[in-house]
């Protein structure tokens, strides 16, 4: 699971197995070790909930997360829908853009990350012929 934070936006990108895990088990969580102290972690979480009515971001200590309505996750996981997006009001005149997206394989060679579990890129002409 990749996390991108830029200005007032937060975006999660998930591989095929991560989408399946979120849909089946309801939670994905990863951490970044910030210092040698074992307890010094920054954790990010995606979770689904049947009680949630809209996409909501939250923070607790060194953990940030997004809670997604169960029905949105199921529909997204089982279709070609690329992502789930929501704008969350933070205070008057300030909003947070939240996006949870399927992570596609890059079209340009040279990336140094393992993309074997990424979704096929819909813009890949070779993939479109299959």
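A few notes on this one:
- Boolean, residue 40 is modelled with pLDDT under 95, loosely packed, with under 13 Cβ neighbours inside 10 Å and over 17 Å from residue 3 (Cβ atoms): yes
- Taking the stretch 92-130 as the range and being more than 14 Å from residue 13 (Cβ to Cβ), at pLDDT 75 or above and either outside any loop (DSSP other than H, G, I, E, B) or in contact with a helix residue (DSSP H, G or I) (Cβ under 7 Å, 6 or more places away or on another chain) (or both) as the test, the residues that pass are 94, 95, 96, 97.
- Only residues that are surrounded by fewer than 18 Cβ atoms within 10 Å (Cβ to Cβ) and in contact (Cβ under 8 Å) with a residue 60 or more places away in the chain were counted across the stretch 1-37, and they come to 6.
- Tally, over the stretch 6-38, of residues that are part of a strand (DSSP E or B) and touching a strand residue (DSSP E or B) at 6+ places or on another chain (Cβ under 8 Å): 13
The values are calculated or read from the model by the stated rules, or taken from the named source; none is laboratory data. No experiment lies behind these values; they were computed from the predicted model shown. Quick reminder, even Gly has a Cβ in these numbers, built from the backbone with ideal geometry, and neighbours come from all protein chains shown.
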